[in-house]
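I have placed the structure first, in the form of structure tokens, so that the comments after it can refer back to it.
Coordinate-derived values only; no laboratory data. What you see is a predicted model, and the numbers here were worked out from it, not measured in a lab. As a convention, Cβ positions derive from the backbone with ideal geometry for all residues, glycine included, and neighbour counts pool all protein chains shown.
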Amino acid sequence: MSNPEPLIKLTNIHAGYGGMNILHGVEFSLIPGEIGVIVGPNGAGKSTTLKAMFGMLHCSEGSVIFDGHDITNKPPEKLAELGMAFVPQENNVFQTLSVQENLEMGAYVRRDNYSHLIDHVYEIFPALKEKRNQDAGELSGGQRQMVAIGRALMIEPKFILLDEPTAGLSPLFMSEVFDRIIAINKAGVTVAMVEQNAKQALGFAHKGYVLASGRNRFTDTGAALLADPDVAKSFLGG
Amino acid sequence: MSGSFLQKYSRDFVFFGGLLAIIVGIFLSQGSAYTSRMLVEAACYAIIALGLTIQWGYAGLFNIGIMGFIAAGSFMSVFVSFPVNDKFWNGPGPSMLVQPILILLIGIALIVGLRKIKQIPQGLRTFLTIIIFAVTYLLVVAGIEPAAKVIETDAGFIGGLGLPVFIGWIAAGIVAGLIAWFVGKICLGLRTDYLAIATLGIAQIIKTFLKNADWLTNGTLTVSPLPWPVPKPSDGNFTEARTIYFAMTAVVVIIIYMLLERAYHAPWGRMMRAIRDNEEAASSMGKNVNRRRLEIFILGSILMGLGGSMLITFTGLFDPSGFIDLNHTFLIWVMVILGGTGNNRGAILGAILVYIIWVMSEPMALWLFDLVRVYGLEWFNWQAPGDLDSRALQMRVFVIGLTIILVLRFAPNGMLPERIRQD
Amino acid sequence: MNELVFFINKALISGAIIGSIYALGAIGVTLIFGILRFAHFAHADMMTVGAFISYILMSMMAAAGFTAPVPLAFLAMFPAMIITALLAIWLDKVFYKPFRDKGSNPVIIVMASLGVTLMLQGLVRLFGGTRARSMYIGENKEIYRIPFPGAKRDIILTEPQVLLFIFTVVAVIALAIFLSRSRLGKAMRAVSDNPDLAKISGINLKHVVWTTWIIGGTLAAAAGTMLSLDVVLKPDLSFGLLLPIFAAVIVGGIGQPYGAVAGGMLIGFSETLAVFNWAVLLRPFKESFPDWFELPTKLAFVPTEYKLAVPFFILIIVLIYRPTGIFKGKVI
């Protein structure tokens, strides 16, 4: 099989908070253009894996390679320059800044003219355009999520990391957010996301990772995982 | 057993042994009068430092208004124990003061009562509270002003109650605790930066009040000589009097130390440390956190009031202008963080050692700057400014500031670190 | 009418003067509080140091025989602002940043700032002595008298007061434009709002921190110099400034520069109105009072000695009823 070079590759990651490891040798890789979804029970280390990828906590062992660069334990502020963008689950907008300013902050590392990118975000999320001068803190949960994703798109990332982008959203908003994520991926952005709504997310994932207790349990294409009775029984609620 | 005991407390032995050697050295070179004065004052500082180490070390409370608690406590003990001023009591003063005091009490009762009546909506209650406060304030001020004038011209100031000094010291602790209750009630729910700002403010206000309320405190005219609870040096044997006073303060220090050690290892102390080390986890235990903090803030402030009043009693002079942030707040901070935050022995060690250095540093700074003056003139023909001596003492301000930063940066645990982690 | 002019001079103008000083100091403190998340206790002493630098530069200019249509110290203030800003960055680098890098509890940094306070105070008095100095050498303080229709008295404004008003207005407008328009200004607001997200977005924290200290340092130097120009330069200038400035910051809402301006003005006016002798204003209506009411010669809410109690009282009220301040700042 002539596998293309992976865009992101985590090898044998051990990481955690304050000396206590949560991840015990997690593996993760995506080739350009893929959507990778991480699912698993609470406390499995899903968000921790994303944070380890993005240098937000210390990896005691293992390596993170992105686009040919070793970025293990690189601080997050350096990663934007490489084309990585992260959307945290909570507190993911600047509440006291307007929608437009939030997007501008997303483009902070750019020194070129990025007005076309702002227009592009407004194309993807038309609801944001009318609220552009409103403070992000005044928006609804779904709209905030759009601002958060829009902010991440401002660096034209090669790779975007989403931590539970649909947490707390109504089902209607949820599918809208999923649609946008798929559209962003179609435009050529590699996506890694943690998702509670495993069934829906695995439905469009190229690759699915099932984690449990900080270790890989199952890894396959999204469709194959959905079809696997073991996975279904233990992790997808039957 | 003795081996491990020695090992466990080796730092204590080294530091306290060194301290003892220094004290003996000072005794031999400076004589008993000097040494005994220094030791008494250091012991009083140790009480204050114990108050701070429980506030900061046990509970992480940031009090930078120690001076205020010391000043308020000292005044209270002076008021309780100073001889009765007959001129005041026989004059019109007392009857003139009755009315404002009554109004004050009624006002306080109304405000407290209002808080209890939950039927009135919050907004209206707030509004009424402010109105009552303003009216009470204006009436009290209007009542006190003429009384103050009469007292100042007729009697000087109101004098004291003539009660035993011990009662004065207890009153000092109580008044400091009350002030702590008031400040703590307001600020302890918020991050400790707010407490710092509030304590800083209240300390300045207490000092301003004591300095300007001549009718109450004799203001800049100062009050002296203060009575002692034990025979005074002027009554006879100088050294004996000081030795007895020192023995008394030493006993107080030891009693407080033993009580604090017990509390520290009791469930109460464990809870305090849990709150300090992980506020979030502790707050899941309920809103008890603020209550516990208030307790410890009050307790620490009581010790500050007590230690402060014992110090002032010893010096024999109550001078409201004599309370300064440097000596009565920051010096104590240095004692606590250098000695070892959260370690009671560390606070005592730090208090005595830092006080000795502090006392010695004054002549040293003067001597050093005298050298600068002499050699500056000789070598560079530099005419030193006339106020060089007062400037020299400013050097100590700089050194205290530098010490705080150096200790925080390079020895954050101090000389005797808190040893709870080994237990 | 004379009484009204007296009121304007003694209450309104002095309130605005001291309010501007507080506002200039409070902007720096609130930005530092919002971005670096600690109460910077050395700020008032940075004002003193800035004023002393202005004084030294002014003396050098006077010695060189330099003359100008404005007070020399006002000209000296601008280089002094730059020097103070550099000093602020240096102080941060040497005394505060190591604690941040270590991940210390913010309260340790507050304590370090107290250490810096003492060091600055010690140095200023060591080199500057303890006496008060005039910021004018061989110059006169110009005084403008503006006649008020129908009054025998004039409204009195001094040159430094006029300069202070102009400077404050210009500084606040410039700051507003900077924070709402410029990339760095928006980044400052972003860091103050959500430091983690700012880091994720690739915002360079170092630049933001520097900018914070530059703004704080320049405004502190300006406020210290202007205050000394209006009164005198004293080494204990900072005494009595710290509490009102912190009160202004908390009243205005931590991290809110406009709140700091509003809070500074509020505290400034409250102070002067509280110590103002209201009997003067009531005197013209003496005849209309009932007989039993005798107008006292002095009728002020707070005696002048207790001026410091006013910001403290306001602080307490705000902490009890609205800890976020008027402009909904953070509760740290």
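Summary of values
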{"quantity": "Helix axis angle, C:205-230 relative to chain C longest principal axis, alpha carbon, degrees", "calculated": "20 degrees"}
{"quantity": "At R0 = 35 Å, FRET efficiency that the Cβ-Cβ distance of C:Ala300 and C:Thr324 yields, to 0.05", "calculated": "0.65"}
{"quantity": "Proxy reagent accessibility, fewest Cβ within 10 Å first, across A:Cys59, B:Cys44", "calculated": "A:Cys59, B:Cys44"}
{"quantity": "Within 10 Å of each Cβ in B:88-94, the average number of Cβ atoms from other chains", "calculated": "0"}
{"quantity": "Label-point separation, B:Ala33 to A:Gln134 (7 Å along Cα→Cβ), nm", "calculated": "8.1 nm"}
{"quantity": "Label-point separation in nm, A:Arg110 to B:Ala21, each point 7 Å along Cα→Cβ", "calculated": "6.9 nm"}
{"quantity": "0 to 90° range, to nearest 10: angle between helix C:242-252 axis and chain C longest Cα axis", "calculated": "80 degrees"}
{"quantity": "Rg to Rh quotient for the protein assembly as shown, alpha carbon positions, Kirkwood Rh", "calculated": "1.02"}
{"quantity": "Segment C:Ile82-C:Arg283, length gained on full extension (0.36 nm per residue, minus Cα span)", "calculated": "67.4 nm"}
{"quantity": "Global size of chain B as Cα Rg and Dmax, reported in angstrom", "calculated": "23.8, 81"}
{"quantity": "Per-residue mean of C-beta atoms belonging to partner chains within 10 Å, peptide A:25-34", "calculated": "0"}
{"quantity": "Averaged over C:104-113, number of beta-carbon atoms from partner chains that fall within 10 Å", "calculated": "5"}
{"quantity": "Rounded tilt (10° steps) of C:257-275 against the dominant C-alpha axis of chain C", "calculated": "30 degrees"}
{"quantity": "Estimated 222 nm signal from helices in the protein assembly as shown, with DSSP H stretches of n ≥ 4 weighted -39500 (n - 2.57), rounded to 500", "calculated": "-20500 deg cm²/dmol"}
{"quantity": "Under Karplus coefficients 6.51, -1.76 and 1.60, residue-wise ³J(HN,Hα) of region C:154-163 in Hz, glycine/proline x", "calculated": "10, 6, 10, 10, 9, 4, x, 5, 4, 4"}
{"quantity": "Charge dipole (debye, nearest 20) of chain C; +1 at Cβ of Lys and Arg, -1 at Cβ of Asp and Glu", "calculated": "840 debye"}
{"quantity": "Residues in region B:334-371 that a label on B:Ser224 would reach, taking backbone N under 12 Å of a point 7 Å out along Cα→Cβ", "calculated": "none"}
{"quantity": "Radius 15 Å from Cβ of B:Ile131, net charge of other residues (Lys, Arg +1; Asp, Glu -1)", "calculated": "+2"}
{"quantity": "Sparsely packed chymotrypsin sites (Phe, Trp or Tyr not before Pro) within region C:47-154, loop by DSSP, other Cβ within 10 Å at most 13", "calculated": "C:Phe66"}
{"quantity": "At least 24 Å along the helix axis (C-alpha) and Kyte average at least -1.0, DSSP helices within chain B", "calculated": "B:10-30, B:32-52, B:93-116, B:122-154, B:165-187, B:192-212, B:238-265, B:288-315, B:344-380, B:388-410"}
{"quantity": "Cβ charges +1 (Lys, Arg) and -1 (Asp, Glu), total dipole of the protein assembly as shown, debye", "calculated": "760 debye"}
{"quantity": "Span-like helix ranges in chain A, DSSP H, alpha carbon extent 20 angstrom or more, Kyte mean at least 0.0", "calculated": "A:171-186"}
{"quantity": "Efficiency of FRET from Cβ geometry, B:Asn278 and C:Asp101, R₀ 35 Å, rounded to 0.05", "calculated": "0.95"}
{"quantity": "Part-to-part distance (alpha-carbon centres) for region B:71-100 and region B:108-138, which is given in Å", "calculated": "30 Å"}
{"quantity": "Signed unit charges on C-beta, dipole axis of chain B, positive-most listed residue B:Ile70, B:Phe318, B:Val372", "calculated": "B:Ile70"}
{"quantity": "Per-q log10 I(q)/I(0), region C:145-252, q = 0.21, 0.22 Å⁻¹ (Debye; single scatterer per alpha-carbon; no solvent)", "calculated": "-1.20, -1.24"}
{"quantity": "Contour excess over end-to-end distance, with Cα ends at B:Ala411 and B:Gln122 and 0.36 nm allotted per residue", "calculated": "99.1 nm"}
{"quantity": "Rounded Å value of the spacing that divides the Cα centres of region C:226-291 and region A:164-229", "calculated": "60 Å"}
{"quantity": "Two-site FRET efficiency, C:Ile56 against C:Leu4, from Cβ-Cβ distance with R₀ of 30 Å, rounded to 0.05", "calculated": "0.10"}
{"quantity": "Cβ-placed point charges (K, R +1; D, E -1), dipole of region C:79-161 about Cα centre in debye, nearest 20", "calculated": "220 debye"}
{"quantity": "Net charge contributed by nearby residues that have their C-beta within less than 15 Å of A:Ser47 (K/R +1, D/E -1)", "calculated": "-3"}
{"quantity": "Over chain C, volume per residue of the alpha carbon convex hull, in Å³", "calculated": "158 Å³"}
{"quantity": "Estimated Rh, region B:86-156: Kirkwood, alpha-carbon pairs, angstrom", "calculated": "13.6 Å"}
{"quantity": "Charge tally in the Cβ shell below 15 Å around C:Phe167, where Lys, Arg are +1 and Asp, Glu are -1, C:Phe167 excluded", "calculated": "-2"}
